[in-house]
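Visitor: This structure is in structure tokens; I'll ask about it shortly.
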Amino acid sequence: MTQPTNPPPEHQTADPIPQLCCHCGQLTREPVLVGEAHTASGAGASIFACPEDAPLFGENAVRLEGRTS
Ligand SMILES: [Zn+2]
């Protein structure tokens, strides 16, 4: 009766995990996927850049969005 049925709003947002920019080396909370490194083991490593450096990678940059609207 006293327990809310809806979860707290902060639990509904899915923010991207902070990643190191491959260009300037700074940790960014808005990582932009600019490439993928495929290894022989099959585990691909994602390459990220910060929003400021993302344009340097042109059309390969894929902005990570927490949600689509
Ligand atoms: Zn950067």
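The values are calculated or read from the model by the stated rules, or taken from the named source; none is laboratory data. Keep in mind that this is a model prediction, so the values were computed, not measured. Glycine gets a Cβ as well: all are built from the backbone with ideal geometry, and neighbour counts include every protein chain shown.
Visitor: Residues that are over 11 Å from the mean Cα position of the chain (by Cα), free of Cβ contacts under 8 Å to residues at least 24 places away in the same chain and on the phi > 0 side of the Ramachandran plot: does segment 41-49 have at least one?
Guide: Looking through segment 41-49, at least one residue is over 11 Å from the mean Cα position of the chain (by Cα), free of Cβ contacts under 8 Å to residues at least 24 places away in the same chain and on the phi > 0 side of the Ramachandran plot.
Visitor: What is the one condition in (1) touching a Pro at 6+ places or on another chain (Cβ under 6 Å); (2) at pLDDT 90 or above; (3) part of a loop (DSSP other than H, G, I, E, B) that His23 does not satisfy?
Guide: Result: His23 passes all but (1).
Visitor: Residues being part of a strand (DSSP E or B) and surrounded by fewer than 11 Cβ atoms within 10 Å (Cβ to Cβ): count how many of those fall in segment 28-69.
Guide: Within segment 28-69, residues that are part of a strand (DSSP E or B) and surrounded by fewer than 11 Cβ atoms within 10 Å (Cβ to Cβ) number 2.
Visitor: Something else about it: Identify the residue in segment 15-50 that is of a type in the set (A, V, I, L, M) and more than 11 Å from the ligand (Cβ to nearest atom) and, among all such residues, is nearest to Ala61 (Cα to Cα).
Guide: So the residue we want is Leu33.
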